[in-house]
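Student: The structure is given below, and queries will be raised subsequently.
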Amino acid sequence: MKMVGRLLALFRQVAGLTQADLAERLVIAEATIAAIEQGRRPLLPDLARTLDQLLDTKGALAVAVENMPEIDQFPLFAEEYIEQERNAIALSWYDALVIPGLLQTSDYARTLLQQRVPAYDEDEITTKVAGRIDRQVIFQRKDPPTASFVVWEPALRMAFTEPLVRAEQLRHLRTMADLPGVTLQILPLDAEENAGDAGSFTLLETPDHQHLAYTESQRGSQWVSDPDEVSILARKYAMLRSQALSPKATKGLLDHLLGET
């Protein structure tokens, strides 16, 4: 979608039009044009054909839309988050039932995706695993983000994974826990309080110091930009860190679990 969006932006600029000019001629909202050009909204075939006529692009947009890959690495609702995550200067991530995506091994990610209902086909699984692992390149940036993870202990037990996959994933967590700028804490099963009982969420800080949050559920996801709502999640996260094991104790728990595998 981003490629199609960039094509539209290029053709619009060559035609000497602003987003507002184009929106006025199409009788649609300027925000719609912006979302398509930024890759946050798909360009539908009918609108592509109309734009080709208006911008005299000889059918280029319609062809581009028709030949977009059938398999996306990420669903539409997650693409904007992935873009923000790629450039974030700070991340705080709470997960209750699975290992956070940025800490997953490829075999663990594949195991999760294979359990999806309705099922993905093998090509979709391969594409999505690659996309998930590619996101982890942020830890190799010259200026990697400061990253904090709190994970509820059940996610470590992972009875649905094969023993070798589980052991590999635990070893990877142990390695990640030693990275500079990365803090991993486990919220133990016997914790008397859990501020994250409403579900998983992620907080991030952008390079221009905007604070955002992202939540997911089985039927969708939600960007949170309202300062009051972000503040509530930030306070939840602060409480979760106080309820979780210390980073040192977390490493000890991981070493213990590795000894059992």
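The values are calculated or read from the model by the stated rules, or taken from the named source; none is laboratory data. It should be emphasised that the depicted structure is a prediction, and the values quoted were computed from it without experimental measurement. Glycine gets a Cβ as well: all are built from the backbone with ideal geometry, and neighbour counts include every protein chain shown.
Student: In this structure, does ARG141 turn out to be under 21 Å from the mean Cα position of the chain (by Cα), at pLDDT below 95 and more than 24 Å from ARG116 (Cβ to Cβ)?
Tutor: yes
Student: The conditions are (1) buried (at least 16 other Cβ atoms within 10 Å of the Cβ); (2) of a type outside the set (A, V, I, L, M); (3) at pLDDT 85 or above, and GLY59 fails exactly one of them. Which is it?
Tutor: With respect to (1) buried (at least 16 other Cβ atoms within 10 Å of the Cβ); (2) of a type outside the set (A, V, I, L, M); (3) at pLDDT 85 or above, GLY59 is out only on (1).
Student: Let me ask you something else. When you check LEU55 against the structure, is it in contact (Cβ under 8 Å) with a residue 40 or more places away in the chain and either over 30 Å from SER221 (Cα atoms) or β-branched (Val, Ile, Thr) (or both), yes or no?
Tutor: Judged against the criteria, LEU55 is a match.
Student: Between a first residue in the stretch 1-16 that is touching a residue at least 60 places away in the same chain (Cβ under 8 Å) and a second residue that is of a type in the set (Val, Ile, Thr) and in a helix (DSSP H, G or I), which pairs have beta carbons less than 7 Å apart while being 6 or more apart in sequence or on different chains?
Tutor: If the second residue must be of a type in the set (Val, Ile, Thr) and in a helix (DSSP H, G or I), the pairs left are VAL4/VAL65.
Student: I'd like the residue in the stretch 222-261 that is among the polar types (S, T, N, Q) and in contact (Cβ under 8 Å) with a residue 60 or more places away in the chain and, out of all such residues, is nearest to GLN169 (Cα to Cα).
Tutor: Step one: filter the stretch 222-261 for residues among the polar types (S, T, N, Q), giving 222, 225, 231, 242-243, 246, 250, 261.
If we keep only those that are in contact (Cβ under 8 Å) with a residue 60 or more places away in the chain too, we end up with 246, 250, 261.
Numbers: SER246: 20, THR250: 15, THR261: 11 Å.
Result: THR261.
Student: Among the residues of the stretch 122-143, is any of a type in the set (A, V, I, L, M, F, W, C) and outside any helix (DSSP H, G or I)? Explain how you work it out, then say what you get.
Tutor: Restricting attention to the stretch 122-143, the residues satisfying the condition of being of a type in the set (A, V, I, L, M, F, W, C) are 125, 129-130, 133, 137-139.
Those left that are additionally outside any helix (DSSP H, G or I): none.
No.
Student: Next question. Answer with yes or no whether ALA78 is in a helix (DSSP H, G or I) and modelled with pLDDT of 85 or more.
Tutor: No, not satisfied.
Student: Considering only the stretch 190-256, give the strands (runs of 3 or more DSSP E) lying wholly within it that have at least 3 residues that are in the same structural domain as TYR81 (by TED's automatic domain parsing) and more than 15 Å from VAL150 (Cα to Cα).
Tutor: 211-217, 220-224
Student: Now for a different question. Across the stretch 107-138, what is the number of residues that are over 16 Å from the mean Cα position of the chain (by Cα) and among the small types (Gly, Ala, Ser)?
Tutor: Residues meeting the conditions: 1.
Student: Next up: May I ask you to say which residue of LEU112, LEU173 is assigned to a helix (DSSP H, G or I) and out of contact with any helix residue (DSSP H, G or I) (no Cβ under 7 Å at 6 or more places or on another chain)?
Tutor: Answer to the check: LEU112.
Student: Of the residues that make up the stretch 39-51, is at least one part of a helix (DSSP H, G or I), touching a Ser or Thr at 6+ places or on another chain (Cβ under 8 Å) and either in the same structural domain as ILE82 (by TED's automatic domain parsing) or of a type in the set (A, V, I, L, M) (or both)?
Tutor: Within the stretch 39-51, one or more residues are part of a helix (DSSP H, G or I), touching a Ser or Thr at 6+ places or on another chain (Cβ under 8 Å) and either in the same structural domain as ILE82 (by TED's automatic domain parsing) or of a type in the set (A, V, I, L, M) (or both).
Student: Something else now. Between THR215, THR202, which is closer than 25 Å to VAL117 by Cβ, of a type in the set (Val, Ile, Thr), in contact (Cβ under 8 Å) with a residue 24 or more places away in the chain and surrounded by 13 or more Cβ atoms within 10 Å (Cβ to Cβ)?
Tutor: Values: THR215 fails: in contact (Cβ under 8 Å) with a residue 24 or more places away in the chain.
Only one candidate passes the filter, namely THR202.
Student: Please go through the stretch 168-197 and give me each residue that is loosely packed, with under 12 Cβ neighbours inside 10 Å and among the hydrophobic types (A, V, I, L, M, F, W, C), ordered by number.
Tutor: LEU189
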